[in-house]
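Here the structure is laid out as structure tokens; the discussion comes afterwards.
The values are calculated or read from the model by the stated rules, or taken from the named source; none is laboratory data. All values derive from a computational prediction rather than experimental measurement. Neighbour counts run over all protein chains shown; Cβ positions are idealised from the backbone, glycine included.
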Amino acid sequence: MDRLRIELGPRSYPILIGPGLLGQAPLLAEAIAARDVLVVSNTTVAPLYLAKLERGLEGKRVAAAILPDGEQFKTLETLARVFDALVERRMNRDACVVALGGGVVGDMAGFAAACYQRGVDYVQVPTTLLAQVDSSVGGKTGVNHRLGKNLIGAFHQPRAVISDTDTLRTLDPRELRAGLAEVIKYGLIADEPFLAWLEANLDALLALDPSVLAHAIRRSCEVKAEIVAEDEREHGRRALLNLGHTFGHAIETATGYGEWLHGEAVGAGMFMAADLSRRLGWLAAADVERVRTLLARAGLPLEAPRIGAARALELMGMDKKVLAGRIRLVLLRGIGAGVVEGDYPAEALQATLAAHFEARA
């Protein structure tokens, strides 16, 4: 088992990565001190892993809230089911919410924990690659609004992240590929040698080679842990973690949440960010091709839906990184050299949006 740590003073917590962690009762007891536990999961993950987790929590008073599966259910209406379960089980401020699932479950369970009785503990038990390398770490929680992605939420750090890599064995191949987009992101923004390692080991990753998978998860979490420790609430450098997300969130919102997986939209968005970086003279054409090739090898879609440049720009204007009416984008001044930039020629962005969102003749 690998053990990392997010250093946030009194809010610091461990990230545990390895096989068979759901079956280790002492480890779960270390992370979950509460007597009363609400496990939040969904209709896909619960039949696979809820019973195993409950056995590891023997001796505690455990209840479950099982939500429908899918990004389209990441709403305030679905979130109400978690609050209902907490109230109906008469759980108090010393309870703990456990998120058993992917990014949608983790975001909603964390947001419920942030709000319930003004804040209770929660623990992330991510079961998808995307959640294990990204969404479970860092304390971002929330739900979507019909006009924008993750517009309603809070920062609320978990007590622990427990990533049982065995759960990836039951992951749908499309979900695995979507998770690889976030892994690739870390190499692009901060670690060119890691990106080169991914290029050399991508086939083994797709085949779920245990040692290769463990290294990819650990290195991704290391990069994110260092950035979050420096900038917990995204006032500065943490925005780098959103490479491709502003473009990608526009795709998700325009297509109604669920047609595109989050990682798929982020992958297409990273290709657009590379394209814009090239138009600004920051990235060589060969580097853009390097990005495109790796994303394509990972099986990620690169062609955005033809929603039109104007509609894409409108949706990007609702992004949380917009300041004083200016869309700040995460761009690349080289492979492994991400920057957050709001001062760029509007016509360069317009050209990128037209190239990717307009219908071709």
Is region 219-241 home to any residue that is surrounded by 24 or more Cβ atoms within 10 Å (Cβ to Cβ), touching a residue at least 24 places away in the same chain (Cβ under 8 Å), within 20 Å of Leu261 (Cα to Cα) and not small (Gly, Ala, Ser)? yes
Tell me, yes or no, whether region 320-327 has at least one residue that is in contact with a helix residue (DSSP H, G or I) (Cβ under 6 Å, 6 or more places away or on another chain) and surrounded by 22 or more Cβ atoms within 10 Å (Cβ to Cβ). no
Qualifying residue in region 247-267 (condition: at pLDDT 95 or above, of a type in the set (A, V, I, L, M, F, W, C), over 20 Å from Asp319 (Cα atoms) and assigned to a helix (DSSP H, G or I)): no
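Do you know which residues across region 101-118 are at positive phi and buried (at least 24 other Cβ atoms within 10 Å of the Cβ)? Before the answer, list the steps.
Of all residues in region 101-118, those at positive phi come to 101, 117-118.
Scanning region 101-118 gives a single hit, Gly101.
Using the structure shown, decide if Ala337 is modelled with pLDDT under 95, of a type in the set (A, V, I, L, M, F, W, C) and farther than 13 Å from Met272 by Cβ. It would help to see each step written out before you state the result.
On the way: modelled with pLDDT under 95: no; of a type in the set (A, V, I, L, M, F, W, C): yes; farther than 13 Å from Met272 by Cβ: yes.
Here the answer is no, as Ala337 does not meet what is asked.
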State which residue pairs qualify: first residue within 19 Å of Ala250 (Cα to Cα) and inside region 330-359, second residue crowded, with 18+ Cβ neighbours inside 10 Å and among the polar types (S, T, N, Q) in any location, beta carbons under 7 Å apart, and separation of 6 or more residues or different chains. Val330/Asn242; Leu331/Ser277
Hey, can you tell me all the residues within region 97-112 that are among the aliphatic types (A, V, I, L, M) and under 18 Å from the mean Cα position of the chain (by Cα)? Val98, Ala99, Leu100, Val104, Val105, Met108, Ala109, Ala112
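Does Val339 qualify as being in the same structural domain as Trp282 (by TED's automatic domain parsing) and touching a Lys or Arg at 6+ places or on another chain (Cβ under 6 Å)? Before you say what the answer is, go through the steps one by one.
Working: in the same structural domain as Trp282 (by TED's automatic domain parsing): yes; touching a Lys or Arg at 6+ places or on another chain (Cβ under 6 Å): yes.
Answer is yes for this residue.
What's the total number of residues in region 126-156 that are of a type in the set (Val, Ile, Thr), surrounded by fewer than 23 Cβ atoms within 10 Å (Cβ to Cβ) and farther than 17 Å from Gly70 by Cα? Steps first, please.
Restricting attention to region 126-156, the residues satisfying the condition of being of a type in the set (Val, Ile, Thr) are 127-128, 133, 137, 141, 143, 152.
Now drop any that are not surrounded by fewer than 23 Cβ atoms within 10 Å (Cβ to Cβ), which leaves 143, 152.
Now narrow it down to the ones that are farther than 17 Å from Gly70 by Cα: 152.
Looking only at that region, the number is 1.
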Residue in region 253-264 that is crowded, with 20+ Cβ neighbours inside 10 Å, over 12 Å from Leu331 (Cβ atoms) and without any contact (Cβ under 8 Å) to a residue 60 or more places away in the chain present: yes
Can you name the number of the only condition in (1) under 17 Å from Arg146 (Cβ atoms); (2) of a type outside the set (Asp, Glu); (3) crowded, with 21+ Cβ neighbours inside 10 Å that Phe271 fails? (1)
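Specify the residue that is surrounded by the most Cβ atoms within 10 Å (Cβ to Cβ); the eligible residues are those in region 60-98 that are part of a helix (DSSP H, G or I) and of a type in the set (D, E, K, R).
Start the filter on region 60-98 by keeping residues that are part of a helix (DSSP H, G or I), which leaves 71-73, 76-88.
Those still in the list that are of a type in the set (D, E, K, R) too: 71, 77, 81, 84, 88.
Values: Glu71: 21, Glu77: 8, Arg81: 17, Asp84: 11, Glu88: 10.
Filtering region 60-98 for residues that are part of a helix (DSSP H, G or I) and of a type in the set (D, E, K, R), the one surrounded by the most Cβ atoms within 10 Å (Cβ to Cβ) comes out as Glu71.
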